[in-house]
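The values are calculated or read from the model by the stated rules, or taken from the named source; none is laboratory data. No experiment lies behind these values; they were computed from the predicted model shown. When we count neighbours, we look across all protein chains shown, and the Cβ atoms used for this are built from the backbone with ideal geometry, even at glycine. We work out accessible area using only protein heavy atoms, side chains counted, and drop any ligands, DNA or RNA first. Shrake-Rupley method; radii C 1.70, N 1.55, O 1.52, S 1.80 Å.
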Amino acid sequence: MTRDTPQDPSVTSPPASWSDAPSRDALQLIAEGVTQLAGFGVAAISAVREDGKMEVMAVAGSDAAREQLQGRRTPVDRLSRELEKADDWGLLRFVPHERLDESAGQDWGWVPDIEPIDGAEDAWHPLDLLVAPLYDDDGDLRGSLAIDLPVDGRRPGQAQRTVLNQYAEQARRAVLVALERERLAERVRMADAARRIVRTATAQLSLDRIVADSREALVEGFRAAGMWLQTFDRDGHGSARGEIYSSDGSHIHLTPELITIAEVSARAAWERQQATVVSPHREFGPAITAEQGELVLAYLNEIGVESLLFTPLGAGPEVLGNLVLTRAAGAPEWTEAEAATALDIGHDLGRAILNARIFEREHELVEELQELDAYKGQLIATVAHELKNPLTSVMGHLEMLESSPDFTGHARSSLQAMDRGARRMVRVIDDLLLLSKVADPDESIISAPVDLRRVVDDVVDLTLVAAEQKKLDVVVDLPGEPVFALGDHDEIDRVAANLVSNAVKYTPASGAVRIGVERVGNDVLLSVADEGIGISSDDLLQLGTEFFRSSNPEAVAQPGTGLGLAIVRRIVDRHGGQLEIESELGSGSTFRVWLPAAEPES
Ligand code: ADP
């Protein structure tokens, strides 16, 4: 007798073939040796699987036997029970049919259709069991060699047993090698799946891409029939608002009850750092109760899936979702190595999901800030416009009053003070209007070659009076030929004017201001250096922010709006240029503006 029958529900069929070809070939050769050289009709070699079942890996003998036995799986403890009654034949164990449980008679095995030799004491009976349990060096049962149908119709004698023992030892080694090879192959497969996911999916910043990129590696690497990934909401609940992504893009409909089970189980599984298998052939893991497990199995049955590997997705203490890998009936059971790899992947995908969320949130924040910025720009522009008209009228009336002979003494100096105040307001309003224009991304630049030498000449002319009043030495270093920047003439003029007027304003009497222009590669450089009061390193960090004026009392003493450098920075930015500021408190400042160069129009 060789094996048990398929009526038994714990016997799985068809075979789940895992072993690689060379391992199988070696086992097949040994089985054939037993049939051809040791004189038996059937030999079958099995290996113990992770789910506690013996799987037949190689069968030699009749076609009928091969057809029935190949790939069959039976619980290991069946064999162990029979072995308790067996005679010890070295590596072999023999259970004569008389000792077999009578009621088990029909259930048991592939029973060869032979009659025992009449009368002979050592006649082989169809229900006799001859098997070599194969143990590893630690004494664990790893497989078996089952032998049946002696050609001479007799129970083996001493000489035959010796030969069979040798085959049993060969089978033992071959099974151990095959299992080891399989274990290594599985580790490579798992490592490959994990590496592919880390390489591709975790670099993605959107959940859709993470799922799309990990799908193939997961389904292939885990030999799964399908997968789905559920992410919980940002507030951590797997409610209907959580997303479910399936491997083939189809819609996975989970009932609210199943979603709750998934969420609770994901938390429990993450806490234990365990992936859980839900399968009709196994007890449910600690992350899932029997009742929940039955519900899940019923659902799986509905969708044509037999078992699943459930993995929590998380990062640090946070549980972000779960990954479900499915297998159909007849596929191999999930292994420990697969569960361990799934958990590792749960960490990698968890981090990727967290990154994607942070990115999404940042994206939203940036959009909100941009909207706010646009609103602020509009508000400033509107208010500045609204102030400008009445202010123009105020200034007109002031001018009229000032020219009237009716006002003398105190009244005249009040009028003059009002005029100074109003002019200052006009400056602020003009700066605000310009700032909102250059900060508006919809306000495009009309670019043309702008000769920086001419711009600097004009600006220096305008500041000459102020510079002379302070007896400043203004040194202008211009090349002999034009230096063209690409941009808007008025805006570039404004950059130069602001920098030169600041240099003059913040340099004490008798100091020097140097202005230079040159072409450097594909750029042009405008530099304005002074020997003025300088800027502290703290203030440097804030320079260019709207309305920022330095904390230095010497600087505050000068009239200003704090908008000039903000305008400069915006203009330089929108021209694709760069602004560099070098300064030291008390020893002067150098402002450098790099702008893209333009070739002169021919
Ligand atoms: P404003 O000059 O109208 O105050 P800006 O935006 O042009 O506004 O300049 C901002 C601040 O930067 C100034 O208040 C001043 O403190 C400092 N600053 C600008 N240019 C210089 C400079 N050349 N030397 C020293 N401090 C400067």
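Structure values in brief
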quantity: Residue-count net charge about GLU32 - beta-carbon cut-off 13 Å; Lys, Arg +1, Asp, Glu -1; calculated: +1
quantity: Cβ-defined net charge surrounding GLY293, 12 Å radius [Lys, Arg +1; Asp, Glu -1]; calculated: -2
quantity: Antiparallel content of DSSP bridges confined to the chain, in %, to 5; calculated: 95
quantity: With Cα atoms, 0 to 90° folded angle of helix 158-199 axis to the chain main axis; calculated: 10
quantity: Placed amide H near VAL474: partners under 5 Å, 5+ positions off or other chain; calculated: VAL513
quantity: Dipole magnitude of region 23-76, debye to nearest 20 (Cβ charges: Lys/Arg +1, Asp/Glu -1, about Cα centre); calculated: 120
quantity: Cross-link partners of LYS471 among lysines (Cα-Cα below 24 Å; sequence separation of 8 or more within a chain); calculated: LYS505
quantity: ALA331 versus GLU554: modelled label distance in nm, points set 7 Å from Cα along the beta carbon direction; calculated: 7.7
quantity: Listed residue (LEU379, LEU398, MET425) projecting farthest to the positive dipole end of region 368-439, Cβ model; calculated: LEU398
quantity: Relative contact order (%) - region 448-596, alpha-carbon pairs under 8 angstrom, separation at least six; calculated: 24
quantity: Region 21-184 - percent of accessible surface contributed by carbon and sulfur, probe 1.4 Å; calculated: 48
quantity: Mean-position separation - Cα centroids, region 496-525 and region 370-445, in angstrom; calculated: 28
quantity: Student exercise, the chain dipole from Lys, Arg, Asp, Glu Cβ charges, in Debye to nearest 20; calculated: 860
quantity: Residue (of PRO126, ALA467, ALA597) at the positive-pole extreme of the chain, dipole from beta-carbon charges; calculated: ALA467
quantity: Between helix 489-505 and the chain: long-axis angle, C-alpha atoms, 0 to 90°, nearest 10; calculated: 70
quantity: Cα long-axis angle, helix 409-438 against the chain (0 to 90 degrees, to the nearest 10); calculated: 30
quantity: Relative contact order computed over region 295-382 (Cα-Cα under 8 Å; 6+ residues apart), in percent; calculated: 25
quantity: Loop GluC sites (Glu not before Pro), region 274-366 (other Cβ atoms within 10 Å of the site Cβ: 16 or fewer; DSSP); calculated: GLU283
quantity: Charge context of MET190, other residues only, Cβ under 14 angstrom, K/R +1, D/E -1; calculated: -3
quantity: Stretch gain in nm, segment GLU518-ASP477, where the contour uses 0.36 nm per residue and the Cα spacing is subtracted; calculated: 13.9 nm
quantity: Relative contact order (%) - criterion: Cα under 8 Å, at least six apart; region: the chain; calculated: 9
